[in-house]
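A.B. asks: I have a structure I would like to understand better, so I am pasting it below and will then ask my questions one at a time.
Taken together, the values in this text are just the output of simple stated rules run on the coordinates, not laboratory data. What you see is a predicted model; the values in this text were computed from it and never measured. With ideal geometry, Cβ positions are generated from the backbone for all residues, glycine too; neighbour counts draw on all protein chains shown.
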Amino acid sequence: MPAPVRLIVFDVNETLSDMSPLRARFEEVGTPGYLAETWFAGVLRDGLALTAAGGYASFQAVAEAGLRALLPGLDGWHGDLDHAVARILDGFGDLGVHPDIPDGMRQLHAAGLRLATLTNGSATTAERLLSRAGILDRFEAVLDVAAVRAWKPAAAAYRYATEWLSADPAETLQVAVHPWDIDGARRAGLQAAWLRRASPAYPHVMTAPTHTAQDLRELAGMLTS
């Protein structure tokens, strides 16, 4: 039976943030909106690949490099590359959280659980996201992987968070929509909760989550009932 959860660490991009408005940014610079998902998947691929090979680059650097590789190769696109890259990346500053996040966070905080975030992106961007949502004060820490120079799902990233927060990994719950984040956390000795959102199934080749919920409201109910 899992140990009681005392600390919850949240992934940020896509788990907390609703990234669908980035589609409009791609359309504004003259490209199809669906490329937002293609590009972001490439950012994750390249960042994780660098970590797997023993390298490191910041989320900002990987995201920009991905756009500079993707956009010029589009048939018929002749836009201003510098402007397009800046316009798309600036979109992170306007993102909001998913509708279930504020209520779920308040319920978890009211139950006395410690809350933190750990992102492969920027802690500053995450702080601004949480501040716009009116829930920043619920969080004990807003962390990113820059200090450890290893993207999740590297074990070093989760170890950094639990050590920084003086937490027992066995009593720490990682929450994410990405199965690779769930798998990495479980392998690092944490518990993990997978938020399904629109995903139909969890990949059977990855370590199973400790908890599965449709969204944060459902997970909060499971953890506080």
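A.B. asks: What residues have an amide H closer than 5 Å to that of Phe10, excluding those fewer than 5 places away on the same chain, when H is modeled at 1.01 Å from N in the peptide plane?
C.D. replies: For Phe10, the qualifying residues are Ala116, Thr117, Leu118, Val175.
A.B. asks: Next question. For Tyr160, Tyr34, Tyr202, what ranking results if the residue with the fewest other Cβ atoms within 10 Å of its Cβ goes first?
C.D. replies: With the sparsest Cβ surroundings first, the list reads Tyr34, Tyr202, Tyr160.
A.B. asks: Moving on. Sort Phe59, Phe40, Phe10 so that the residue with the fewest other Cβ atoms within 10 Å of its own Cβ comes first and the one with the most comes last. Write down the numbers at each step before the final one.
C.D. replies: Values: Phe59 21, Phe40 16, Phe10 26.
Lowest to highest Cβ neighbour count: Phe40, Phe59, Phe10.
A.B. asks: Ranking Asp137, Asp181 by Cβ neighbours within 10 Å, fewest first, what do you get?
C.D. replies: With the fewest neighbours first, Asp137, Asp181 line up as Asp137, Asp181.
A.B. asks: Here is a follow-up. Could you calculate the contour length gain from Asp90 to Trp77, that is, 0.36 nm times the residue separation minus the distance between their Cα atoms, to one decimal place in nm?
C.D. replies: Here the answer is 2.6 nm.
A.B. asks: Can you give the translational diffusion coefficient of segment 20-73 in µm²/s, computed by Stokes-Einstein from the Kirkwood radius over Cα pairs at 37 °C and 0.692 mPa s? Don't jump to the answer; show the numbers that get you there.
C.D. replies: Details: Rh = 11.6 Å.
Stokes-Einstein gives a translational diffusion coefficient of 283 µm²/s.
A.B. asks: Under 10 Å, Cα contacts only: if you run a Gaussian network model on the chain, which one of Ala170, Ala63, Ala147 comes out with the highest mean-square fluctuation?
C.D. replies: Greatest mean-square fluctuation among the candidates belongs to Ala147.
A.B. asks: When the Karplus curve 6.51 cos²θ - 1.76 cosθ + 1.60 is applied with θ = phi - 60°, which whole-Hz ³J(HN,Hα) does each residue of segment 207-218 get, with x for Gly and Pro?
C.D. replies: My calculation for segment 207-218 gives 4, 5, x, 6, 9, 10, 9, 5, 7, 6, 4, 5 Hz in order.
A.B. asks: Further, regarding this structure: Out of all DSSP beta bridges with both ends in the chain, state the antiparallel percent to the nearest 5. Please report the intermediate quantities before stating the final value.
C.D. replies: Numbers: 2 of 21 bridges.
If we restrict to bridges inside the chain, about 10 percent are antiparallel.
A.B. asks: Considering the values (i) 30, 19, 16; (ii) 42, 20, 13; (iii) 27, 21, 16, which represents semi-axes √(5λ) of the Cα gyration tensor in Å as calculated for the structure under consideration?
C.D. replies: It is the one labelled (i).
A.B. asks: In addition: Could you give me D for segment 20-119, from Stokes-Einstein at 25 °C and 0.890 mPa s, where the hydrodynamic radius is the Kirkwood radius over C-alpha pairs? Units µm² s⁻¹, please.
C.D. replies: This corresponds to a translational diffusion coefficient of 158 µm²/s.
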